[in-house]
Amino acid sequence: MKNIISVSTNTYHGFTVDEALEGIAAAGFKYVELTAVRGWTEHIMPDMDEAELARIQKKMKDLGLECIAVSGHCNLTDQERLNDFRSNMKLAKRFGAKYIISSTGEAHFGKDEKFTDEILITNIKALIPDLEENDLKLGIEIHGEYGTGEAVNRIVKGVASPRVGVNYDTANVVFYGGKSPNEDIKTCVSNMNFVHLKDKTGFDNSWNFPAIGKGELDLLGFISYVTEHGYQGPFSIEIEHTQDFTMRDKTAGDIDFVNQVLKDSYAYLEKNGII
């Protein structure tokens, strides 16, 4: 059985949740990772009106889309943010997700973050009852200070719960960690529970994340390696384009560009037998 292939709605940063869902469905995908990251991509949020959340759920049903995960990044080093993350867990359960994703710190613009393995392990252990209550698995994303699978795996092993695993991001490990995903993955594949499938141009910290198959990463080799080593979880496509495109206000025609990038990604994966 093939792994589930979903799309992160963060691919549509700066666009509405309706534009994201419509573009994902039109490209041929059936699964989504909804983004609930405060101050960044707020496609769903715990404090949204009940009517709006229900409308989004109906929209997904009408489009034939299923939520497999919620990206609910919070600073897990800060106890004051743990309750926000608990709210994101309840939101994930509401949408039927099986996974919730977070980096160790804020996804963007984090301030006064104190990164130590001990603090993270203690705080994440405190969340395990909530993961169990909401029947979720937490994927800790390769990001920021924990920029390699090897680094995130230290936290996962310290927590030592089947509810917690490595969310491997194939491009973040290059951008933040300066490592090749096809080498670094060997340090953590047994503890991986989610994958952000992201391509990258340039083996450096430049922000250039194109369509799947349009960058320089050997993603087919990566997929082959992890599946051969027993990985059965989802691959969630995330395309963050260039920094200029992502950060600026969107203009007419931009949605057509993102939709085409996603269609190109689907075609590449379909051609290579991944979908």
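FYI, it's all coordinate maths here, none of it is from the lab. This structure is a prediction, so every number in the text was calculated from the model and none was measured. FYI the Cβ positions are ideal-geometry reconstructions off the backbone, even for glycines, and counts take in every protein chain you see.
For the chain, what does the helix formula give at 222 nm: sum of -39500 (n - 2.57) over DSSP H segments with n ≥ 4, over the residue count, nearest 500 deg cm²/dmol?
Values: 10 runs with 110 residues, N = 275.
My calculation for the chain gives -12000 deg cm²/dmol from helical runs alone.
Counting only DSSP beta bridges with both residues in region 5-271, tell me the antiparallel percent, nearest 5.
Values: 5 of 34 bridges.
Approximately 15 percent, going by the DSSP bridge assignments.
If amide H atoms are built 1.01 Å from N in the plane of the peptide, which residues on other chains or at least 5 residues away come under 5 Å of the amide H of Y31?
For Y31, whose amide H was placed from the backbone, the distant partners under 5 Å are V7, E66.
Given the options I44, I239, I100, state which has the largest fluctuation in a GNM of the chain using a 10 Å cut-off (strictly under) for Cα springs.
Between I44, I239, I100, it is I44 that shows the largest mean-square fluctuation.
Could I have the simple spin-label model distance between A51 and E118, label points 7 Å from Cα toward Cβ, reported in nm to one decimal?
For the pair A51/E118, the computed spacing is 5.1 nm.
What are the ³J(HN,Hα) couplings of region 176-186, residue after residue, when phi is run through the Karplus curve with 6.51, -1.76, 1.60 and θ = phi - 60°? Round to Hz, x for glycine and proline.
9, x, x, 10, 7, x, 6, 9, 4, 4, 5
What nm value, rounded to one decimal, do you get for the distance between A252 and E228 when each label is placed 7 Å out toward the C-beta?
For A252 paired with E228, the spin-label model returns 5.1 nm.
Using a Gaussian network for the chain with springs between C-alpha atoms less than 10 Å apart, which of these wobbles most: P162, P234, P210?
P162
If R₀ is 35 angstrom, what is the calculated FRET efficiency for the pair E132 and K59, using the beta carbon separation as r and rounding to 0.05?
Values: r = 30 Å, r/R0 = 0.85.
My answer for the efficiency is 0.70.
Quickly rank 195-208, 242-255 as a protection proxy: mean count of other C-beta atoms within 10 Å, highest first. Present the calculation step by step, with values, prior to reporting the outcome.
Working: 195-208: 18.9, 242-255: 11.9.
Those peptides, ordered most packed to least, come out 195-208, 242-255.
Indicate, rounded to the nearest 5 percent, the antiparallel portion of the DSSP beta bridges found entirely in region 163-275. Before the final figure, lay out the partial values.
On the way: 2 of 9 bridges.
Looking only at bridges with both residues in region 163-275, the antiparallel portion is about 20 percent.
Test of understanding: what is the full-extension gain from K125 to E42, defined as 0.36 nm times their sequence separation minus their Cα-Cα distance?
Details: separation 83, 0.36 × 83 = 29.88 nm, distance 2.64 nm.
Contour length minus Cα-Cα distance gives 27.2 nm.
Using the Cα gyration tensor of the chain, with a ≥ b ≥ c the square roots of its eigenvalues, what is the shape: rounded (a/c below 1.5), prolate (a/b larger than b/c) or oblate (neither)?
Details: a/c = 1.38, a/b = 1.10, b/c = 1.26.
It is rounded, given that a/c, with a ≥ b ≥ c, falls under 1.5.
From the phi of every residue in region 15-25, what ³J(HN,Hα) in whole Hz does the Karplus formula 6.51 cos²θ - 1.76 cosθ + 1.60 yield, where θ is phi - 60° and glycine or proline is x?
10, 6, 5, 5, 4, 5, 5, 5, x, 5, 5
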